[in-house]
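> Let me give you the structure first, and then I'll get to my questions.
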Amino acid sequence: MNQLHHQNHQGEQSPELLAHFPWEQYPNIHPNQMQGLEVIARHQDEGQPIILELPTGSGKTAIGYTVLKRAADLGKKPLFYIVPTKTLVDQVKSLHPEVTVVYGRNEYLCSYFPDKEFTAEEIPCMMLSDCPHRVDQETGQTKVPGETPCPYLWAKYQAKHAEIVVCTMAFYLYTQLYTREWDEPAVLIIDEAHRIAQVVRNALSFEITDAHIRTAIKLLQGVDLDEALGLQKFLDTMIKIARSKPSKRPTLLEDEEIQELMSTLLQIDLRSLKYKIGEAVERGLIDTNENMETLRRLEKGVYELGRYLKAFEYSLSTDRRQALNYTYGFYNEELDEGKRVQHKLVIKAYYVGPLIRKLLPSSGLTVAYSATISNAEIFGFETGIKGKFYSFPSDFPVANARILIPKDTPDLSVKNRGKGEPEGSLRQMATSCKQLAEKGIRSLVVVVSDAERAMFLNLCAKKGIRAISYGNGVPPKKAAMKFKDGEGDVLVGTVANYGEGIDLPRSLAPVIFFLRPSYPSPYDPGTLFEEKRFRNQRWSVWLWRAMMDALQVRGRNIRSAEDVGVTIFVSQQFRRFVFASLPKWLEEAYRSDLTLKECISEAVRVIQGKEVVS
């Protein structure tokens, strides 16, 4: 990969791009916006992705919008701007109202059942062939003229006839990989590009449970006995394999077991089954109201059976490639009270780089950017996005930031942590949060596990600290909004929930505590798969992911040049990689020679803009 660090480069100007820049939002273009557009102008016709590492607050969205707007004025289609979450889709729309957004099926209500508030995701749409609300994607007409259009299909129709489409990475994946709803993009902009591999992994991973299969078998028995027997044979095979593993321990399947599962699935005539179910629905043999949930699950299983077979296939190594997925089994010796699932298979997508490369335009332009890329080679392995890489400096005043690793905190790695840890470190953090709160300074505390989160909340309660977190019916997003609205002195969450995607600028939480890196559990099937696949090289990937977590956590409270933020990395494990992960411009903010007490004093001094008297 061509890795370059852009340092005050004065390259050729990009007048065509600058003519489409949103000057009404940025009357004074940021230096990184200008430099980013220069890089794109220089390499846009070279046929490979352009990868930009741009600091937070650089105005990345405007760069992508400018490229898309110019392409739109040239008559190019389709044009996509993709992001990891719906929240970011909405953010792009608020910045540039003229773009067209489209969401996944779970964001639209179904018109087939007007008296019930079902989303399109909850309805077995493909089996309801008589639905009068279906929208022809060529004409925009409903199946029955004059009927209210299906909101989901109408949104897709509008997007297909729009200039610029903004959607989530998951939506783009499904529509481009499986249903081919759009032609290959002329321009594809990927925002928060470091997250695309995990988004694709999550989208392509799934569970197969005994409860769902039994429900499908019961419904199929009224449609076709042969197909029901075929599904029963698959269930019997799945249970036999799951019960050959230790109880309550997710365990990787052997190649022979995966092949046996594939063999039973291949005996089910998928095309015939689809036809028979559709016919049974049309003839009223299956009550769609009474069996809607079962039909939805059956639709998902039947219509995606080919995908499941592929997933099993990709869990096997061949002469030409190693395994791309991994499959594990899990079961409980006895069915827990109130539970329906006793046995399940979990298929996890892993090596998604080649798949993501297929989603990039082969003849069009791809621009991928993020504030955290760090190592372009590992980024390319994880995401499949390889091309021209530029990392830009920040105009952020480094004096407004501190990145601190106390010299007197312990190593919290499993093999090195002392007795009473991590509770001892969490207690120190709680004491520090209280000291900061007494000075009017609020904090974000990021831990790895829910057990650590519960422990810290308990310590806060004992010390009289007003801590805000999720749970007991309160989702993470709502807890964060309560904190943003002024509730509490400390916001607490795991790295999975608050490591990124939550912004706390303008002194909402000027101090962040990050307890320890989130290395994978040695007993997790994914860890065992990576150890088998990469052997000693696995640590390079794990370290890169830990770097990404550290950089993302650090960026939660510094979103613009006006912000002030301090991040305290507690465990000594962070010494191994935090400094190495920092962009050059941020290295001056790093300190690792202070005690925790001195770190708190330094944080107060930076935030309040004055020396602190001990």
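> Which of the aspartates and glutamates could be linked to Lys276 by a straight reach, that is with a Cα gap under 17 Å, when you skip same-chain ones fewer than 8 residues away?
Those aspartates and glutamates meeting the cut-off are Asp130, Asp224, Asp226, Glu227, Asp287, Glu299, Glu304.
> Could you tell me what a quarter of the Cα convex hull surface of the range 130-173 works out to, in nm² with one decimal place? Present the calculation step by step, with values, prior to reporting the outcome.
Values: hull surface 14.5 nm².
Reported value for the Cα convex hull: 3.6 nm².
> Identify the GluC sites (Glu not before Pro) of the range 89-164 meeting these criteria: DSSP loop state and at most 16 other C-beta atoms within 10 Å of the C-beta. Each step should come with its number before you reach the end.
On the way: sites: Glu98, Glu107, Glu117, Glu121, Glu122, Glu138, Glu147, Glu163; in loops: Glu98, Glu117, Glu138, Glu147, Glu163.
Listed in order of number, the matching sites are Glu98, Glu117, Glu138, Glu147.
> Pull out a ≥ b ≥ c, the square roots of the eigenvalues of the alpha-carbon gyration tensor of the range 178-223, then state rounded if a/c is under 1.5, prolate if not and a/b is larger than b/c, and oblate in the remaining case. Kindly include the intermediate steps, with their values, before the conclusion.
Details: a/c = 7.71, a/b = 2.12, b/c = 3.64.
Oblate, because a/c is 1.5 or more while a/b does not exceed b/c.
> Here's another thing I want to ask about it. Give the long-range amide H neighbours of Arg559: residues separated by 5 or more places, or on another chain, with amide H under 5 Å away, using H modelled in the peptide plane at 1.01 Å from N.
Arg506
> Run the helix sum for the chain: -39,500 (n - 2.57) per DSSP H stretch of 4+ residues, divided by residue count, reported at 222 nm to the nearest 500 deg cm²/dmol.
Taken over the chain, the calculation gives -12000 deg cm²/dmol.
> Right, another one. Show the residues, 5+ positions off or on another chain, whose built amide H is closer than 5 Å to the amide H of Lys77.
Ala186
> Let me ask something additional. Placing +1 on the Cβ of each Lys and Arg and -1 on the Cβ of each Asp and Glu in the chain, which of Leu586, Gln35, Asn375 has its Cα farthest towards the positive end of the resulting dipole?
Sorting the options by dipole projection puts first Leu586.
Just so you know, all these numbers are worked out from the coordinates, no wet-lab data involved. Quick caveat, the model's predicted, so the values are computed rather than measured. We place every Cβ from the backbone using ideal geometry, glycine too, and count neighbours over all the protein chains shown.
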